[in-house]
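Before any comments, here is the structure.
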Amino acid sequence: MESVKNIPGTGFGLQQKPIVTGYASLESEEKDNILTLQLSLLEAIAREGDPLDILNRLCKMAEMMLPNSVASIMLLDESGMLNVYAAPNVPSQGIAQLNGLKPGPGAGSCGNAIYCQQPVFVSDTLTDPRWDDLRQLAVDFGLRACWSMPIRSAGQKVMGTFALSSFEHRSPAAFHVALLEIGAYLAGIVLDRAQHMDSLKLLGKIFEYSQEGIMVTDTAQHIVSVNRAFTEITGYALADALGKKTSFLSSGRHDERFYREMWRGINQHGHWQGEVWNRRRSGEIYPQWLSVSVIRDVEGKPVNYVGFISDITERKKAEARVEFLAFHDALTGLPNRVQARNHFDKAKAYADRAGARVALLFLDLDNFKTINDSLGHDVGDVLLEKVAHALKSNIRHTDTIFRYGGDEFLIQLSDVHNGDDVTDIAEKIIGHVVGPFNVGDNELSTTCSIGIALYPDDGKDFDTLLKRSDTAMYKAKDSGRNAYRFYTERMNFEAVEHLTLMNSLRRALEKNEFTLHYQPQMDICTGRVVGAEALIRWNHPELGMVPPSRFIPIAEESGVIVQMGEWVLQEACSAARYWPDIVMAVNLSAIQFNRPNFVDMVFDVVERSGVDPSRLEMELTESVLFSDEGTVQEAIRQLRKVGIRFSIDDFGTGYSNLAYLRQLQVEKLKIDRSFIQELSENPHDTAIVAAIIQMAKGLGLKTIAEGVEDEVVLKVLENLSCDEFQGFLFSEPLPEHEFDALLTARRNH
Ligand code: C2E
Ligand code: CA
Ligand code: CA
């Protein structure tokens with residue numbers, strides 16, 4: 001038996017277990033026959049012939065070596081039954097009867113070979129109990145003997161049987177056993193190979209038809225293969241991609257670090273996945289989910305990388321849409337009520353920092369229900385869209401509209417300082433939401449009612465403000481619709497007043513309703529009156545004295561400020577002639593300063609009044625100075641050339657930076673009232689004022705404190721070396737003749 005280890009010419013038998021048991025004892029002719037059979041089959045296997053052809057050939061060759069017999073190969077199926085695979089000379093009725101044979105102790109030679117997992121040699125099928133279940137078959141087809149050999153896979157798993165059935169009673173000789181053994185062995189190879197090819201074909205199909213794009217690269221990241229889905233996703237066919245580096249797909253959206261991290265993941269863990277933006281052949285940049293794995297050889301060395309790609313453009317779009325709908329109204333595209341609350345919190349934080357207000361406008365369409373009920377929801381929907389559009393075009397970019405539900409909208413205005421800021425927008429909306437809008441064949445008009453609540457005046461949180469703006473909206477409806485109402489009554493009064501003022505301001509100049517008052521400015525050291533600030537007063541025929549803080553913003557908004565300012569300058573200059581030892585300070589608005597002929601106008605006024613320009617001082621706020629550096633600075637330069645002085649009004653409330661102050665050629669900083677008034681009690685204010693004075697001194701600027709109302713404050717200012725002061729402590733702004741009297745009294749003092 002030992003000598004059988006190696007079958008000459010085949011290399012078989014090198015495994016631990018000999019394949020052919022009685023090879024040494026065979027006649028030389030028998031050995032030749034077996035060798036021929038082997039070579040012939042091995043050649044067919046090497047040529048990758050069809051497995052059924054090869055096994056049919058095996059059967060026929062075996063039959064030639066055992067005359068008066070038929071050979072067959074049966075295979076086990078998944079359910080454990082035997083079926084005929086190759087049996088070229090077994091009649092089809094025989095095959096039909098054999099198919100589905102269940103292995104067992106009476107299931108013939110093959111059934112037993114499987115059942116016992118070893119060769120079975122039956123010499124007399126008519127008497128042998130192992131043929132009990134198949135006796136009829138033996139009778140019908142004249143089978144007398146049957147020898148069956150299990151076919152095993154490379155992994156020694158039994159796959160089926162190779163059998164020789166003879167038409168005469170006989171027992172196998174050593175040659176027959178060897179023939180069956182070698183036949184079963186070769187059949188195992190053929191079947192293994194067929195299975196392997198099948199799974200390769202299957203893998204190939206999976207590769208090709210995978211929904212995911214697949215690309216395989218070598219270790220230098222050159223593409224060696226791509227599948228159909230890859231081409232569909234990227235637009236590149238195999239021929240375009242072959243040999244290219246994967247980086248040719250890059251979109252440029254990710255930086256080097258991103259790819260470094262990706263390769264670190266691949267090399268460290270053998271795998272990486274994530275979202276990557278790539279570029280299609282069309283140039284379009286798209287998001288994909290990429291999963292990369294390393295393929296290694298038996299020694300663990302990387303040989304390939306395989307990348308699985310799925311296009312997630314649609315998913316991303318869907319996600320974005322879902323997200324959008326969670327925060328927006330599908331019909332109008334406006335942010336929804338969920339967002340209103342978040343937005344309010346942000347606006348509130350901003351307002352707190354900037355000392356501003358937030359206005360919440362609750363808007364309800366007046367006749368929407370009628371339109372919806374009579375013309376249908378489709379018409380209603382279109383109308384809502386048009387209204388949303390009209391609203392959008394009537395707010396500032398800092399304001400936001402929300403669809404609150406049905407025909408209700410919320411509008412949040414940020415950076416609001418007073419009721420007038422809101423009134424303007426509310427009026428604009430009331431004026432523009434009316435339409436008419438073309439909706440299908442209908443021309444529709446609609447009005448709206450608006451309720452307004454202000455933060456922090458009417459409430460500190462969103463819910464309170466929402467409730468109050470809603471209450472105010474009902475007040476607007478009660479007043480006859482197509483109107484706006486503030487939650488706070490005073491605001492409503494002011495809104496009406498705003499309109500009245502706006503209308504009467506234009507005529508106020510012609511009707512001589514303005515006068516100037518003068519407030520003395522004192523030198524802190526000497527106690528002498530060194531200047532006067534001219535402050536406008538409006539004596540309204542019905543409203544009485546209107547403070548400038550009420551009408552100056554309206555004058556600026558309507559442009560009346562230009563003529564009004566010119567009048568103030570004329571009036572102040574001619575008054576200044578009577579008071580030759582003091583400086584006349586005049587307030588100027590940004591709007592005046594930005595007029596193209598402003599400088600000429602000033603020259604003209606100064607010349608006509610005959611006042612010495614060096615006794616004229618212009619008070620500008622920081623915002624004017626920085627509104628448009630070019631024009632403003634040029635104007636200041638020209639005015640200074642003739643000796644006019646400049647001071648920065650309300651200093652400390654703006655955003656002046658020191659470097660800038662140095663460039664601007666101003667004489668004086670006028671420290672804002674808000675820092676002065678609590679100077680005696682508030683150490684924080686003291687620190688600020690001290691710093692302003694120090695800084696001014698460093699820049700060679702004078703300082704004046706405005707709004708000084710008591711002695712203690714004046715004492716503090718004196719200690720801080722402030723140059724001048726102005727305030728109720730010494731005198732309120734006075735009518736011309738009173739101011740004149742005051743000056744005369746002081747002179748004679
Ligand atoms: P402003 O330039 O800061 O003027 C000083 C304001 O403080 C004046 O209010 C003045 O009456 C007030 N005031 C003076 N001393 C004291 C004090 O001791 N305590 C308090 N609490 N207040 C004091 P007024 O006259 O109501 O003017 C308000 C603002 O209107 C002015 O602020 C200025 O910005 C503007 N304005 C007034 N007249 C004119 C003008 O002719 N043209 C321009 N463009 N604006 C003007
Ligand atoms: Ca002033
Ligand atoms: Ca001031």
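Read the figures in this text as sums done on the coordinates, not as results from a lab. None of these values were measured; they are calculated from a predicted model. Note that each Cβ is placed from the backbone with ideal geometry, even for glycine, and that neighbours are counted across all protein chains shown.
For the reader, a short list of remarks on this structure follows.
- Of the two radii for the stretch 210-316, the radius of gyration is 0.95 times the Kirkwood radius, both from the alpha carbons; that is the Rg over Rh value.
- The three principal axes of the C-alpha atoms in the stretch 55-154 carry coordinate ranges of 34, 30, 24 Å, sorted with the longest axis first.
- Here the chain has an Rg and Dmax of 51.4, 161 Å, counting Cα atoms alone.
- To the nearest ten degrees, helix 313-327 and the longest principal axis of the Cα atoms of the chain are 40 degrees apart.
- Interchain or long-range residues, amide H under 5 Å from Ala585's placed H: Ala532, Glu533, Ala534, Glu617
- In the stretch 506-748, lysine pairs with alpha-carbon atoms under 21 angstrom apart (chain gap of 8 or more, or interchain): 10
- Share antiparallel - DSSP beta bridges, the chain, percent rounded to 5: 75
- Here the 3J(HN,Hα) profile of the stretch 714-726, calculated from phi with Karplus coefficients 6.51, -1.76 and 1.60 at θ = phi - 60°, is 4, 4, 4, 4, 5, 4, 7, 6, 6, 6, 9, 8, 8 Hz, Gly and Pro shown as x.
- Across the chain, Cα pairs under 8 Å and at least six residues apart give a relative contact order of 6 percent.
- Taking a sphere under 11 Å around the Cβ of Leu516 and counting the other residues whose Cβ falls inside, with K and R at +1 and D and E at -1, yields a net charge of -2.
- Exposure proxy order (Cβ contacts within 10 Å, fewest to most) of Lys157, Lys467: Lys157, Lys467
- Listed peptides 470-483, 436-449, 704-717, 310-323 by packing density, highest first (mean Cβ within 10 Å): 704-717, 470-483, 436-449, 310-323
- Principal semi-axes in Å for the stretch 261-343 [√(5λ), Cα gyration tensor, largest first]: 41, 15, 9
- Order of Ser171, Ser393 under a 10 Å beta carbon neighbour criterion, fewest first: Ser393, Ser171
- At R0 = 30 Å, FRET efficiency that the Cβ-Cβ distance of Ala741 and Glu510 yields, to 0.05: 0.50
- Listing Trp131, Trp289 from fewest to most neighbouring C-beta atoms within 10 Å gives Trp289, Trp131.
- Derived scalar couplings ³J(HN,Hα) [the stretch 140-155; Karplus, 6.51 cos²θ - 1.76 cosθ + 1.60; whole Hz; x for Gly, Pro]: 4, 9, x, 7, 10, 9, 8, 10, 10, 10, x, 9, 10, 7, 4, x
- Net +/- balance of residues flanking Asn278 in space, Cβ distance below 10 Å, scoring K and R +1, D and E -1: +1
- The stretch 513-668, Cα convex hull volume normalised per residue, Å³: 128
- Rounded to the nearest 20 debye, dipole of the chain from Cβ charges on Lys, Arg, Asp, Glu: 2320
- Mean separation of Cα contacts under 8 Å (6+ apart) over length of the stretch 506-748, as relative contact order %: 20
- Taking every DSSP helix (H) stretch of at least 4 residues in the chain, weighting each as -39,500 (n - 2.57) and dividing the sum by the residue count yields a mean residue ellipticity at 222 nm of -14000 deg cm²/dmol.
- Helix 548-558 vs. the chain, principal-axis angle (Cα, 0 to 90°, nearest 10): 60
- Amide H contacts of Asn442 (H built 1.01 Å from N, under 5 Å, at least 5 apart or other chain): none
- Note that the stretch 226-242 has calculated 3J(HN,Hα) couplings of 9, 9, 4, 5, 4, 5, 4, 6, 8, x, 9, 7, 3, 4, 6, 8, 3 Hz, one per residue in order, obtained from phi through the Karplus relation 6.51 cos²θ - 1.76 cosθ + 1.60 (θ = phi - 60°); glycine and proline are x.
- At R0 = 45 Å, FRET efficiency that the Cβ-Cβ distance of His397 and Ser79 yields, to 0.05: 0.05
- Measuring nothing but how far apart in sequence close Cα pairs (under 8 Å, 6+ apart) lie, relative to its length, the stretch 210-316 scores a relative contact order of 28 percent.
- Counting Lys and Arg as +1 and Asp and Glu as -1 over every other residue whose Cβ lies under 13 Å from the Cβ of Pro733, the net charge comes to -4.
- Rounded to 10°, Cα long-axis angle of helix 736-748 versus longest principal axis of the chain: 70
- Candidates Met64, Val586, Val606 compared by Cα position along the dipole of the chain: farthest toward the positive end lies Met64, with charges placed on Cβ.
- Taking every Cα-Cα distance in the stretch 102-250 and sorting them into 5 Å bins starting at zero, the pair-distance distribution P(r) comes out as 2, 9, 13, 13, 10, 7, 6, 5, 5, 6, 6, 7, 5, 3, 1, 0 percent.
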